[in-house]
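Here, each number is a calculation from the coordinates, and none is a lab measurement. Computed from a prediction, not measured in an experiment: that's the story for all the values here. Here the Cβ positions follow ideal geometry from the backbone for every residue, glycine too, while neighbour counts run over all protein chains shown.
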Amino acid sequence: MRNAIALGDGFVVTTDNSGGIGEKPRDVVEVPDRVTAYFAARVALLEQWAAYADPVSVLIHNFSGEVSWSPYVAGVEEVFRESNLEMPKITGSTETNMELLQSAVAVTMIGKQRLVEEIGDLEWYVFGTPLVGNEVLERRDEIASLRLIKEAIGNDIVKQLWPVGSKGILAEYRRFTGDSHIEIEVDVDIHSSAGPSTAVLIGINVHNIEKARQLLGGQFYKINVINSFRNET
C-alpha cells in the first residue's frame, strides 16, 4: 500500500507535509498557502487511491500561524472539488504559541477501502511529467490530473496506481515491483523528482489501453521493462 498505514476494518491513513513553502519571508519557495495545502492534500489523496481507499476525514497540522488556516482549508477543498469527491470533515490544529520563521503544514487523510475486483493482466504507464519546485507552478498543464485519474478509476480503466515522489519514476517502479535491479525505458525522465506526485504509475487492463489513451491524453507514457534480475540466483 505504498505509504498508507492500515488501521484495521478497512481504514487506512496517509499523509504528506511541506516545509519552507508558502508566504513567509524566509520560505524557499514563495507560493500562496492555498497552493501549498493543495499539493500536500494531492499527495495524501493519491496515496489513498493507491490503497484502494477514499478519504472520510482530513486533518490539517498547521505550523504557519492562525492566518494560514483558512487558506490551507481552501487548498484541501480544491483537491476534492477537482476530483469530484464529496468533501469530508476537516479538523486539525494550529501552532499559536511559537511563531516559526518558515511555513510548515501537513495534511493527513483517513480513508475507507473499497471493494477491489479481480485486477487481471496489466500494462504499466506513467501519467504526468515529473516536476519539482517552481516547475510545479510553471508547468501545471503537465501534472497528472486528479479528475482524470478518478474518472479512469471509476470507469475501471485504471486498476492500480502508484504515486511517484522525490526519488523519481525508476525508484518508485523498483519499489512497487520489489525488484531493486529492474531497468526500464520511458519517454520521460525516470530519475527526476516528481515533487508532489506530479506523475503517477498506473496499471491498465490490456483491453483498456486505447480507452486510457483517449481519456488521459498527452502526458501518457508506456513503461518498457528492458532488464530484470528478480528471479535470478
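Some points to look at:
- Mean separation of Cα contacts under 8 Å (6+ apart) over length of the chain, as relative contact order %: 22
- Under 12 Å from Lys211, Cα to Cα: aspartates and glutamates that are on another chain or at least 8 residues apart: Glu151, Asp156
- In degrees, nearest ten, helix 33-50 long axis to first principal axis of the chain (Cα): 40
- Relative to the compact-globule estimate of 2.2 N^0.38 Å, the Cα radius of gyration of region 122-227 comes out at 1.00.
- Per-residue Cβ neighbour rank within 10 angstrom, fewest leading, Ile157, Ile226, Ile209, Ile204: Ile226, Ile209, Ile157, Ile204
- Exposure proxy ranking, count of Cβ atoms within 10 Å, fewest first, for Thr96, Thr15: Thr96, Thr15
- Exceeding the 20 Å Cα-Cα cut-off - candidates Lys89/Lys112; Lys89/Lys159; Lys112/Lys167: Lys89/Lys159; Lys112/Lys167
- Take the Cα radius of gyration of the chain and divide it by 2.2 N^0.38 Å, N being the number of residues; the result is 1.03.
- Hydrodynamic analysis of region 1-64 uses the Kirkwood radius over alpha carbon pairs. Inserted into Stokes-Einstein at 10 °C and 1.306 mPa s, it gives a translational diffusion coefficient of 124 µm²/s.
- Principal-axis analysis of the Cα atoms of the chain puts helix 69-82 at an angle of about 30° to the longest axis.
- Ordered by the number of other Cβ atoms lying within 10 Å of each residue's own Cβ, fewest first, Lys222, Lys89 fall into the sequence Lys89, Lys222.
- Distance distribution P(r), region 30-140, all Cα-Cα pairs, bin width 5 angstrom from 0: 2, 11, 19, 21, 17, 15, 8, 4, 2, 1, 0 percent.
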